[in-house]
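What follows is a set of notes on a single structure, which appears directly below.
Every read-out reported here was derived from the displayed coordinates using simple, explicitly stated rules and does not represent laboratory data. The model shown is predicted, which means the values in this text are computed figures rather than measured ones. Here the Cβ is made from the backbone with ideal geometry for all residues, glycine too, and neighbour counts use every protein chain on show.
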């Protein structure tokens with residue numbers, strides 16, 4: 001089974017709030033810069049968001065590409081973006097955290113499953129929203145996403 005890359009340099013804290021589209025575009029570009037995805041993946045993330053929101057609950061969104069974007073994934077990995085003032089995801093939903101993912105094959109489900117377990121722990125989500133320490137975020141992510 002392939003590894004899922006989680007790197008401290010792909011954890012971005014205290015970002016300026018922007019529109020939902022620009023936040024997803026930023027997350028996708030971070031996946032691209034990390035070498036996890038090829039050109040076109042950002043557009044697939046935006047298309048996926050148009051079909052069904054990736055806002056989960058508790059101030060967290062998990063943007064990812066649509067089903068047709070699998071061939072654009074080079075390596076499974078995630079990027080973590082924190083917007084303390086939040087991003088408007090519509091319907092009264094505000095996301096302070098965007099955890100964008102690219103998962104090859106079964107890694108897509110492994111990432112989503114790990115995030116689901118992590119996000120059930122509201123004390124961790126609250127910590128992620130308030131922290132200024134990448135180390136804290138990194139240490140929690142690697143516990144849940146394997």
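Which shape class applies to region 1-42: rounded if a/c is under 1.5, otherwise prolate when a/b exceeds b/c and oblate if not, where a ≥ b ≥ c are the square roots of the Cα gyration tensor eigenvalues? Don't skip to the end; give the middle numbers.
Numbers: a/c = 2.75, a/b = 1.42, b/c = 1.94.
Verdict is oblate for region 1-42.
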When 110, 67 are ordered from fewest to most other Cβ atoms inside 10 Å of their Cβ, what list results? 67, 110
Calculate for the chain the 222 nm mean residue ellipticity that helices alone would give, adding -39,500 (n - 2.57) per DSSP H run of length 4 or more and normalising by residue count, nearest 500 deg cm²/dmol. -12000 deg cm²/dmol
With springs only between Cα atoms under 10 Å, which of 29, 106, 93 fluctuates most in a Gaussian network model of the chain? 106
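Just rank 56, 45, fewest to most, by other beta-carbon atoms within 10 angstrom. Intermediate values should be presented prior to the final figure.
On the way: 56 19, 45 26.
In increasing order of surrounding Cβ atoms, one gets 56, 45.
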With springs only between Cα atoms under 10 Å apart, run a GNM on the chain and tell me which of 100, 23, 116 wobbles the most. 116
Calculate log10 I(q)/I(0) of region 10-145 for q = 0.13 Å⁻¹, where I(q) comes from the Debye formula with a single equal point scatterer on each Cα and nothing for solvent. -0.47
If 19, 131 are placed from fewest to most neighbouring beta carbons inside 10 Å, the sequence is 19, 131
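In percent, what relative contact order does the chain have, based on Cα pairs under 8 Å that are 6 or more apart in sequence?
Details: 275 pairs, mean separation 43.0, N = 146.
That works out to 29 percent.
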Mind checking which of 35, 92, 103 has the largest fluctuation in a GNM of the chain, springs on alpha carbons under 10 Å? 92
